[in-house]
Each structure stands twice: as C-alpha cells, then as structure tokens.
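Written out below as structure tokens is the structure these notes cover.
The values are calculated or read from the model by the stated rules, or taken from the named source; none is laboratory data. Fair warning: this is a prediction, and the values are worked out from it, not measured in the lab. So basically every Cβ, Gly included, is an ideal-geometry build from the backbone, and we count neighbours across all protein chains shown.
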Amino acid sequence: MSPAMSLGGETPRAKAVLGKNVVIQGQIRSWEDLTIEGEVEGTIEMLEHRLTIATNGKVRANVKAREIEVLGSIQGKIEAVEKVYIRKSAQLIGDIHSAGIIIEDGGYIKGSIELSSLPADSQNVRTPPSSLEALASATHDAWSRTPSTDLVA
C-alpha cells in the first residue's frame, strides 16, 4: 500500500505543525490544516482549512479559517466559516464571528460572540434607507424643529 493512501482508500489531508520552539511574527497563509504548538503574532488566513492551537500554543493574531480549535491561548479577532471549538484548557480574548461554536466546561472567553453564516465583512454593509424610512426620518426632523407650546388646563 502506498504511504499516501490511508486504510480507507482516501488520500489523507495535508497537515502542517509549527513546533513548540517556533516563534513567528508576521502573516501566515496556509493551504493545509495547521497546528500551532509554538507562538504566532500577526495574521493567519486559511479559509478552507482547520487551525488548531495546541495546549502550549500562544497566538496573538487575527485569524480567518474554516474551523478553529483552541486548546491553548489566543488573543485577537477570530473568524471561522464553520465552527470554533473552545476546549477546557483554552483561553480566548477577542471577538468571535462564526457559523457555530462549542465551548467546553472550563474554556475561558472574554469578548463578543456573533453567530452568523455570513462573512464578518458583509455584516458591516449598510443598505440605503427605503423611501418609507426616509419619509419617517424627514417627518421626525420636521416635528423636532416645530416650536412646542405647553397647554395648561
């Protein structure tokens, strides 16, 4: 049997590991699953793959990935296309945007959580007001400029 073939007949997914004695400052773009056992500071982008931050891993970065599993610590803005897993040993400080989240007992989070299947970038797009909203706003403005008179009975 070829080393590239698993017992099930499928080719295993490529996986990269940043070892516990590796420190990276800058931008990481990965086209395969990645496990971080060391330290990373900067940005991590891997929209079609899974990021795992190992128990001793320390990340200070904005992260975009298909799935993010945290066993160690991470600080930054986290965006997952599918799901974020916060394990019992994890510490996450920052905002999370994901389609789903699993938090084990003992996992620590400080920040906001937004669950949506839409990318975070599309959340900030404001649509122009409808004609009804514009009319309501103009009416409110007209009433607020009208001098008031107090009626005393």
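Which one is surrounded by the most Cβ atoms within 10 Å (Cβ to Cβ), of the residues in the range 29-78 that are free of Cβ contacts under 8 Å to residues at least 24 places away in the same chain and among the hydroxyl-bearing types (Ser, Thr, Tyr)?
Among residues in the range 29-78 that are free of Cβ contacts under 8 Å to residues at least 24 places away in the same chain and among the hydroxyl-bearing types (Ser, Thr, Tyr), the one surrounded by the most Cβ atoms within 10 Å (Cβ to Cβ) is Thr52.
So is Thr43 polar (S, T, N, Q), under 17 Å from the mean Cα position of the chain (by Cα) and modelled with pLDDT of 95 or more or not?
Spelling it out, Thr43 is indeed polar (S, T, N, Q), under 17 Å from the mean Cα position of the chain (by Cα) and modelled with pLDDT of 95 or more.
Restricting to the range 77-94, what's the tally of residues that are outside any strand (DSSP E or B) and either in contact with a strand residue (DSSP E or B) (Cβ under 7 Å, 6 or more places away or on another chain) or modelled with pLDDT under 95 (or both)?
The number of residues fulfilling the criteria is 5.
Just one of (1) surrounded by 17 or more Cβ atoms within 10 Å (Cβ to Cβ); (2) modelled with pLDDT under 75; (3) not hydroxyl-bearing (Ser, Thr, Tyr) trips up Leu132, so point out which.
Failed condition: (1).
Could you please let me know if Lys83 is out of contact with any Leu (no Cβ under 7 Å at 6 or more places or on another chain), free of Cβ contacts under 8 Å to residues at least 40 places away in the same chain, over 22 Å from Glu114 (Cβ atoms) and of a type in the set (Lys, Arg)? It would help to see each step written out before you state the result.
Numbers: out of contact with any Leu (no Cβ under 7 Å at 6 or more places or on another chain): yes; free of Cβ contacts under 8 Å to residues at least 40 places away in the same chain: yes; over 22 Å from Glu114 (Cβ atoms): no; of a type in the set (Lys, Arg): yes.
Here the answer is no, as Lys83 does not meet what is asked.
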